[in-house]
Amino acid sequence: MTDLAAVKTALKSQAVETPSWAYGNSGTRFKVFAQAGVPRTPQEKLADAAKVHELTGVAPTVSLHIPWDKVDDYAALAKYAVEHGVKLGAINSNTFQDDDYKLGSICHPDAAVRRKAVDHLLECVDILDATGSRDLKLWFADGTNYPGQDDIRERQDRLAEGLAEVYGRLGDDQRMLLEYKFFEPAFYTTDVPDWGTAYAHCLKLGHQAQVVVDTGHHAPGTNIEFIVATLLRENKLGAFDFNSRFYADDDLMVGSADPFQLFRIMHEVIRGGGLGSDVAFMLDQCHNIEAKIPAIIRSVMNVQEATAKALLVDRSALAAAQREGDVLAANAVLMDAYNTDVRPLLAEVREEKGIDADPIAAYRRSGWQERIAAERVGGAQAGWGA
């Protein structure tokens, strides 16, 4: 039997960080479709994020991306966030949109380009200091397109050297989160292509370096829950970037392509003690054809639903079936939890938190979309600059 009171307590304490860039115009490389009411400034992104938190109750922090969210006064931006009911979360670096980075950034064969990239990462640590944020999140587009283009081993040496310099700049309460991606935009070799490479670098750096698992950054058929279980076992899982993919790194709404996979991942998170720990649960998505704020709300709800189902797994029955080698019974325990309709439970949780049982319906009634469409006229809409 599952302790529903304990399940509710866990769900009430859950936190999902939303990304500033998801509120702006983003999408495919071929076309980004603008929408009415899209934020023009980091402050307007934070206002939208605050609305998401108000309606869901579990989205208290917002990731920034530098330079997409560059401002003159980051302490003032952090204060603005708090005044609107949220806080600034991870600071994401950008070493992939400058012409100098055509052959890589921190792994580039030219020392001057590597210096430029590392200096940007150090600037991001300065922003951590100014905002009081904990996590520096790193993703590198570095790699090669052709055999012989560069020395594979030397690129790993350059990567290690750059990471070590930035790691040494971290404060005692700050973390470096290293993300991996198995391909794209580098098509022959990618310098951080998998969890093993990221883990090896983080292990060498120290306990303040952790691995980020982006659910869209794997080859088809990859058992992501195994990776999650292993990294939790090694105390090296720092964060998730939640999204969904059908083909490659689609950055679709989390749970939209394979909700069963999301459930399996959350099952391993709970089994490994990752829920309620220092593991950061973040969204990393783009919303090109769908309305942005409702899509983010729905993504948060999808994470909640997968978490609720994972919390309902009868762990005693599962362990007993596993010990007895009863394959069908063990699988049935998981399937029983997955097939449970947890929407009424989550509605109760929200009402007990003093918010609407249906965040999507509440957003539609709020008039926020109409308000921002009317107010945010003129200026340049925020986008990811692709």
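The values are calculated or read from the model by the stated rules, or taken from the named source; none is laboratory data. Keep in mind it's a predicted model, so treat the numbers as computed, not measured. Positions of Cβ are generated from backbone atoms using ideal geometry, with glycine treated the same way; all protein chains shown enter the neighbour counts. Heavy atoms of the whole protein, side chains included, go into the accessibility calculation; ligands, DNA and RNA do not. Shrake-Rupley method; radii C 1.70, N 1.55, O 1.52, S 1.80 Å.
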Reported set for the stretch 225-237 where residues are part of a helix (DSSP H, G or I), out of contact with any strand residue (DSSP E or B) (no Cβ under 7 Å at 6 or more places or on another chain) and of a type outside the set (Phe, Trp, Tyr) is 225, 229, 230, 232, 233
Out of all the residues in the stretch 72-97, which are within 30 Å of residue 304 (Cβ to Cβ), among the aliphatic types (A, V, I, L, M) and assigned to a helix (DSSP H, G or I)? 77, 78, 81, 82
Which residue pairs have Cβ atoms closer than 9 Å, lie 6 or more positions apart in sequence or on different chains, and pair a first residue in the stretch 134-150 that is of a type in the set (Phe, Trp, Tyr) with a second residue that is open to solvent by 20 Å² or more (accessible area, probe 1.4 Å) and not in a loop (DSSP other than H, G, I, E, B)? 140/190
Checking the condition under 20 Å from the mean Cα position of the chain (by Cα) and not in a loop (DSSP other than H, G, I, E, B), which residue from 69, 100, 48 passes? 48
Counting only residues that are of a type in the set (D, E, K, R) and open to solvent by 30 Å² or more (accessible area, probe 1.4 Å), give me the helices (runs of 4 or more DSSP H) lying completely in the stretch 317-386 with at least 3 of them. 343-352, 368-375
Picked from the stretch 253-272 (must be of a type in the set (Gly, Ala, Ser) and on the phi < 0 side of the Ramachandran plot), the residue farthest from the chain's Cα centre (by Cα) is 272
Would you check which residues across the stretch 148-160 are farther than 9 Å from residue 106 by Cα and among the charged types (D, E, K, R) and list them? 150, 151, 153, 154, 157
Please determine, by comparing only the residues of the stretch 126-169 that are among the small types (Gly, Ala, Ser) and under 21 Å from the mean Cα position of the chain (by Cα), which one is surrounded by the most Cβ atoms within 10 Å (Cβ to Cβ). 133
Hits in the stretch 1-18 (condition: surrounded by 13 or more Cβ atoms within 10 Å (Cβ to Cβ) and either under 22 Å from residue 378 (Cβ atoms) or in contact with a Gly (Cβ under 9 Å, 6 or more places away or on another chain) (or both)): 10, 12, 14, 17, 18
Counting only residues that are buried (at least 17 other Cβ atoms within 10 Å of the Cβ) and within 22 Å of residue 154 (Cβ to Cβ), the stretch 104-125 contains a total of 12
Report, ordered by the first and then the second residue, all pairs with beta carbons closer than 7 Å, sequence separation of six or more or different chains, a first member in the stretch 217-235 that is more than 12 Å from residue 199 (Cβ to Cβ), and a second member that is among the aliphatic types (A, V, I, L, M). 218/224; 224/213; 224/265; 225/265; 228/213; 228/237; 228/265; 228/269
Looking at the structure I just gave you, is residue 35 open to solvent by 20 Å² or more (accessible area, probe 1.4 Å), closer than 25 Å to residue 288 by Cβ and not in a loop (DSSP other than H, G, I, E, B)? no
Number of positions in the stretch 301-315 that are in a loop (DSSP other than H, G, I, E, B) and either open to solvent by less than 10 Å² (accessible area, probe 1.4 Å) or small (Gly, Ala, Ser) (or both): 1
Flag for residue 56 being over 30 Å from residue 160 (Cβ atoms), within 21 Å of the chain's Cα centre (by Cα) and modelled with pLDDT of 95 or more: yes
Among what's in the stretch 46-76 and is touching a strand residue (DSSP E or B) at 6+ places or on another chain (Cβ under 7 Å) and open to solvent by 10 Å² or more (accessible area, probe 1.4 Å), pick the residue that is farthest from residue 298 (Cα to Cα). 65
Being charged (D, E, K, R), over 18 Å from residue 293 (Cβ atoms) and modelled with pLDDT under 95: is that true of residue 87 here? no
Can you confirm whether residue 267 is part of a helix (DSSP H, G or I) and either of a type in the set (Val, Ile, Thr) or modelled with pLDDT of 95 or more (or both)? yes
Of (1) without any contact (Cβ under 8 Å) to a residue 60 or more places away in the chain; (2) within 15 Å of residue 224 (Cβ to Cβ), residue 252 satisfies every one except (2)
Starting from residues that are open to solvent by less than 30 Å² (accessible area, probe 1.4 Å), among the small types (Gly, Ala, Ser) and not in a strand (DSSP E or B), keep the ones in the stretch 238-256 and report whichever is farthest from residue 19 (Cα to Cα). 248
Residue within the stretch 179-192 that is hydroxyl-bearing (Ser, Thr, Tyr) and in a helix (DSSP H, G or I) present: no
Let me confirm something: among 270, 296, 289, which residue is surrounded by fewer than 16 Cβ atoms within 10 Å (Cβ to Cβ) and either among the β-branched types (Val, Ile, Thr) or touching an Asp or Glu at 6+ places or on another chain (Cβ under 6 Å) (or both)? 289
